[in-house]
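Trainee: Take a look at the following structure, please.
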Amino acid sequence: MLVRGTEVNYYFICHRKLWFFNHGIGMEKEDENVSVGKLIHSMSYSRMDRDILMDKISIDFVERNGKIIIHEVKKSKKMETAHRYQLLYYLYFLRKKGIKAEGVINYPLLRRTEKVSLKKEEEIEEILEKIHKIISLPYPPSPIKKSYCRRCSYFEMCWI
């Protein structure tokens with residue numbers, strides 16, 4: 001079963017959110033933070049080859065300067081680990097398809113970039129196994145209170 005990049009991202013943010021998202025319970029459409037992120041994405045890097053869809057993988061944009069560099073655009077660095085692993089998953093996915101690529105996370109509001117390279121495929125494979133276990137559960141995992149829960153689009157599903 002193919003995992004989406006958002007699911008890898010949510011694995012590092014909240015397992016409950018991952019389960020809800022995978023089971024078609026999407027709360028992001030009404031979330032202001034998600035809307036701002038989509039606006040930033042749509043206004044940034046307009047000259048690039050954007051929104052590349054490959055199976056269930058959606059790459060924000062691609063550079064082709066003698067090598068393939070895939071980019072992921074993010075609003076802030078608050079969930080940096082989740083961002084990094086989402087991009088590492090894309091690099092892993094492409095490598096399994098025979099495509100060698102490099103990765104960059106772009107933070108346009110901060111005017112910063114972070115290069116990402118895939119070194120340990122085994123680590124990504126272990127994460128994918130754990131994601132499959134979570135999404136295969138008959139019920140969502142119990143909520144775990146985190147500092148960013150109040151700003152989460154799933155807050156009411158967990159705490160009200």
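Trainee: Looking at region 58-89, which of the residues that are basic (Lys, Arg) and surrounded by fewer than 22 Cβ atoms within 10 Å (Cβ to Cβ) is nearest to the chain's Cα centre (by Cα)?
Mentor: The residue in question is Arg84.
Trainee: Quick test for you: out of Ile131, Ile135, Ile124, Ile160, pick the one residue that is free of Cβ contacts under 8 Å to residues at least 40 places away in the same chain and surrounded by 12 or more Cβ atoms within 10 Å (Cβ to Cβ).
Mentor: Only one candidate qualifies: Ile124.
Trainee: Name the residue, out of Arg112, Arg151, Arg95, that is in contact (Cβ under 8 Å) with a residue 60 or more places away in the chain, on the phi < 0 side of the Ramachandran plot, surrounded by fewer than 16 Cβ atoms within 10 Å (Cβ to Cβ) and not hydrophobic (A, V, I, L, M, F, W, C).
Mentor: Only one candidate qualifies: Arg151.
Values in this text are rule-based calculations from the coordinates and carry no lab data. Since we're looking at a predicted model, the values are computed, not measured. Using ideal geometry, Cβ is built from the backbone for each residue, glycine included, and neighbour counts are taken over all protein chains shown.
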